[in-house]
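A short worksheet on the structure shown next.
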Amino acid sequence: MNDNHVKVALISLGCAKNLVDSEIMLGSLLRCGLELTTVPEDADVLLINTCSFIQAAQEESINTILQADCRRGNEEDEEGEKGRQSQTIIVTGCLPQRFPEELPGLMPEVDAFMGVDKLEEIPQILQKAMERRRQVQGLQQIYPDLSKCPELPPAYVSVSSHPTYLHNSKTLRLDLTPRYFKYLKIAEGCNHACSFCAIPQIRGSYRSRLPEDILREVRAAVKNGCREINLISQDTTRYGSDLSRKKVKLPTEAKNLMTYLVRKMNGIHGEFWIRLLYTHPAHWTNELIEAIADCRKAVKYFDIPLQHIHPTILEKMDRRTPEKKIRSLLDKIRDIIPLATIRTTFIVGFPGETEEHFNYLLDFVREQKFQKVGVFAYSPQVGTRAALLPGRVTEAVKRRRLEKLMEVQRQISFQEHQSWIGKELPVLVERPLRAEELAGVQVLTGESGKTRGSTHRSIELDQSWWVCRSGGDAPDVDGRVYLKQKEGLKEGEFIRVKVIDCREYDLLAEAVSEEGYLERIQT
């Protein structure tokens, strides 16, 4: 990179898996000596890492791109004139990976589109994009209104038709999370054929990192002060299933690689949590549940998106785990770990879902009393089999069902939290409560499909409170523990607290002790 005075900003949309991709791109740019900024308006180059999982995510991605172009058109040059059009815009991630041929024609304001396989090639792509932007600026001298230009130079497009990229522990990353927690992607791609999902088309087939490479990254993170390792992939419990077929030499004791990985991580020196996110019900084993029960560093948290429970809808979704096996899995988890936190997500309004099917799901939620539930309204995805199914459900009915299910879950969650009042639990201290969060303590969490809100109880929060999380709260998607002010608190430390009140999705607590957290963690 010749011009290392270029300023680059990044907007990362979507899930934690996308966030890791963003960290890799920024790491590649840092290696070239480029300057990074957190203010998009100040950047010479704006990267937008997009999501394409559901219709709402696609709309958010498109709106972000259009807003960036609007800002670019309203900037002022040194003479105070507007419309320099100088900022280069690069769109990356799931959206261009999915629509590489359509997007350049629909979005001439974008200078480059790159797919999910090109993360470490971003410096070269950036150069191509900046050259395209210079050409557009030159044309703007002739055509102040670019819509009247007979032909704009095409955007640079770099998208692989079959993604195979897989980073490793040596890949340079710029962490976008606080130092005390980390998302660690252990695999890429997906082999499932759910009828509603385009992820296998976007991300390619399932491919796992080597266990020792993952452990190397965990050791480095813990040495650097990390207190929570969140293992992620499209299907975390499937980890390692592809390595035996590839004839990779594996440890002799590693009969189940996910179990092996959890136990090996538990043996790493230091105090930290291990959390599994994005697991599939088909690949849980007794051995893995027992490993989580045995390993004191493994939080007793099970993130298992079920999507539905009625056999007819599961079949239409092409979910290969039947109702009987789902119920058996939930029973096994609770039998082995009675205080387990189970989080799941459901889709309502799937094609063909009747009131009978929905009420069946509603009864299931009431019966199971999941501690955490997120709900999505079904949205058809181009290129998926579900998009062609008959029996479309109206948007009004989808919205009503979503609100009904979440109302049931709010009551369950509130009752669960009430049962914690007066009890102690360990938490990870995150940060002081921000002023903008005080109005009813309402925080939107887009991925979980819910809103946290006040129960209008007597305790009022102010900026002397701290934001913490328990082992039953995953970052970004779950509730919080609000901790009464205590002198000497530090971000990223473990502390034991006593619950004094609750809201639907959050607990309020006061500090008890900071010593010996891991020895007193509940089993």
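The values are calculated or read from the model by the stated rules, or taken from the named source; none is laboratory data. Computed from a predicted model, the values in this text were never measured in an experiment. Cβ: placed from backbone, ideal geometry, glycine included. Neighbour counts: every protein chain shown. Note: accessible area is taken over every heavy atom of the protein model, side chains too, but ligands, DNA and RNA are not part of it. Shrake-Rupley method; radii C 1.70, N 1.55, O 1.52, S 1.80 Å.
Order 467-479, 165-177 from most to least packed using the mean count of other Cβ atoms within 10 Å.
For the peptides 467-479, 165-177, the packing ranking is 467-479, 165-177.
At 222 nm, what helix-only mean residue ellipticity would the chain give, in deg cm²/dmol to the nearest 500, using -39500 (n - 2.57) for each DSSP H run of four or more?
Taking each H run of at least 4 residues, the total per residue is -9500 deg cm²/dmol.
List the pairs from Lys300/Lys332; Lys249/Lys300; Lys223/Lys255; Lys17/Lys404 whose alpha-carbon separation is above 19 Å, in the order I gave them.
Lys249/Lys300; Lys223/Lys255; Lys17/Lys404
For Glu35, which sequence-distant residues (separation of 5 or more, or a different chain) have an amide H within less than 5 Å of its own amide H, given hydrogens modelled in the peptide plane?
Val6, Val8
Summing Lys, Arg as +1 and Asp, Glu as -1, what charge do residues with Cβ under 13 Å from the Cβ of Glu355 carry, Glu355 excluded?
Net charge in that neighbourhood comes out at +1.
Report, in debye and to the nearest 20, how large the dipole of the range 126-184 comes out about its Cα centre when Lys and Arg carry +1 and Asp and Glu carry -1 on their Cβ.
In total the dipole reaches around 320 debye.
To check you understand DSSP bridge types, tell me what percent of the beta bridges within the chain (both residues inside) are antiparallel, rounded to 5.
Values: 25 of 67 bridges.
If we restrict to bridges inside the chain, about 35 percent are antiparallel.
At a Förster radius of 56 Å, what calculated FRET efficiency corresponds to the Cβ-Cβ distance of Asp363 and Asn224, to the nearest 0.05? Don't skip to the end; give the middle numbers.
On the way: r = 47 Å, r/R0 = 0.84.
The formula returns an efficiency of 0.75 here.
At Arg334 and His269, where each label point lies 7 Å from the Cα along Cα→Cβ, what is the point-to-point distance in nanometres?
With each label placed 7 Å out from Cα toward Cβ, I get 4.2 nm.
Between Gln137 and Asp213, with labels modelled 7 Å along Cα→Cβ, what's the label distance in nm to one decimal, could you check?
Those two pseudo-labels are separated by 3.9 nm.
Relative to the present Cα-Cα distance, how much length would full extension add between Leu152 and Arg434 at 0.36 nm per residue of separation?
Gain on extension, Leu152 to Arg434, equals 97.0 nm.
Please list, in order along the range 370-383, the HN-Hα scalar couplings obtained from phi with the Karplus expression 6.51 cos²θ - 1.76 cosθ + 1.60 (θ = phi - 60°), rounded to whole Hz, x for Gly and Pro.
For the range 370-383, the Karplus-derived couplings read 4, 6, 9, 9, x, 10, 10, 7, 4, 10, x, 10, 4, x Hz, x marking Gly and Pro.
With +1 on the Cβ of every Lys and Arg and -1 on the Cβ of every Asp and Glu, and nothing else charged, how large is the dipole of the range 306-368 about its Cα centre, in debye rounded to the nearest 20?
360 debye
To the nearest 20 debye, what charge dipole does the range 305-416 have about its Cα centre, counting +1 at the Cβ of each Lys and Arg and -1 at the Cβ of each Asp and Glu? Numbers along the way, then the final one.
Values: 20 positive and 14 negative charges, 52 e Å.
The calculation lands at about 260 debye.
Tell me the label-point distance for the pair Glu510, Glu287, using the 7 Å Cα-to-Cβ offset, in nm and rounded to one decimal.
Result: 4.8 nm between the two label points.
Quick check: the distance between the Cα centres of the range 113-163 and the range 285-337, to the nearest angstrom?
What the calculation gives is 46 Å, centre to centre.
For a quick check: with amide H placed at 1.01 Å from N, whose amide H comes under 5 Å from Ile342's, ignoring anything fewer than 5 positions away on the same chain?
For Ile342, the qualifying residues are Phe302, Gln371, Lys372.
Which Cα, out of Ala9, Trp465, Pro40, lies furthest along the positive dipole direction of the chain (beta carbon charges, K/R +1, D/E -1)?
Most positive-ward Cα: Trp465.
Work out from phi, with θ = phi - 60° and the Karplus expression 6.51 cos²θ - 1.76 cosθ + 1.60, the ³J(HN,Hα) of each residue of the range 36-45, listed in order in whole Hz, and give x for Gly and Pro.
Working through the residues one at a time gives 9, 9, 8, 10, x, 5, 8, 8, 6, 10 Hz.
What order do you get for 344-354, 373-383 when each peptide is scored by the mean count of other beta carbon atoms within 10 Å, highest first?
344-354, 373-383
Gain in length, Lys404 to Ala193, computed as 0.36 nm per residue apart minus the alpha-carbon separation, to one decimal in nm? Could you put the intermediate results ahead of the total?
Details: separation 211, 0.36 × 211 = 75.96 nm, distance 2.89 nm.
Gain on stretching Lys404 to Ala193: 73.1 nm.
Per 20 Å bin from zero, what fraction in whole % of the C-alpha pairs of the chain is there, up to the bin with the longest pair?
21, 53, 25, 1
R0 = 51 Å: FRET efficiency of Ile421 with Leu66, Cβ-based, nearest 0.05?
After rounding to 0.05, the efficiency reads 0.60.
Give a residue-ordered list of calculated ³J(HN,Hα) values for the range 423-434 (Karplus: 6.51 cos²θ - 1.76 cosθ + 1.60, θ = phi - 60°; whole Hz; x for Gly, Pro).
9, 9, 7, x, 9, 9, 6, 9, 5, x, 5, 7
With helices defined as uninterrupted DSSP H runs, which ones in the chain have an alpha carbon span along their own long axis of at least 24 Å and mean Kyte-Doolittle hydropathy of at least -0.5?
none
Counting Lys +1, Arg +1, Asp -1, Glu -1, what net charge surrounds Cys226 among other residues with beta carbon under 13 Å of its beta carbon?
In short, +2.
Among the lysines, which have Cα under 19 Å from the Cα of Lys325 when same-chain residues fewer than 8 positions away are ignored?
Lys316, Lys369
Please list, in chain and number order, the residues 5+ apart from Ile11 or on another chain whose amide H is under 5 Å from its amide H, with Hs placed from the backbone.
Leu47, Ile48, Asn49
Specify which residue in the list Val499, Ala57, Leu261 is farthest towards the positive end of the charge dipole of the chain, using unit charges on the beta carbon of Lys, Arg (+1) and Asp, Glu (-1), about the Cα centre.
Looking along the dipole axis, the top candidate is Leu261.
Based on the Cβ-Cβ distance of Glu101 and Lys498, what FRET efficiency does E = 1/(1 + (r/R0)^6) give at R0 = 51 Å, to the nearest 0.05? Could the numbers behind the result be given before it?
Working: r = 58 Å, r/R0 = 1.14.
The computed FRET efficiency comes out at 0.30.
Between Glu487 and Arg296, what length in nm is gained on full extension when 0.36 nm per residue of separation is reduced by their alpha carbon distance? Spell out each step's value before the answer.
On the way: separation 191, 0.36 × 191 = 68.76 nm, distance 2.81 nm.
Taking Glu487 through Arg296 to full extension adds about 65.9 nm, to one decimal.
Of all the accessible heavy-atom surface of the chain, with the other protein chains kept in place and a 1.4 Å probe, what percent is carbon and sulfur?
The value for the chain is 49 percent carbon and sulfur by accessible area.
State the cysteines of the chain left without a partner when partners are defined as other cysteines whose beta carbon lies under 4.7 Å away.
Cysteines lacking a close Cβ partner in the chain: Cys15, Cys32, Cys51, Cys70, Cys94, Cys149, Cys190, Cys226, Cys295, Cys468, Cys502.
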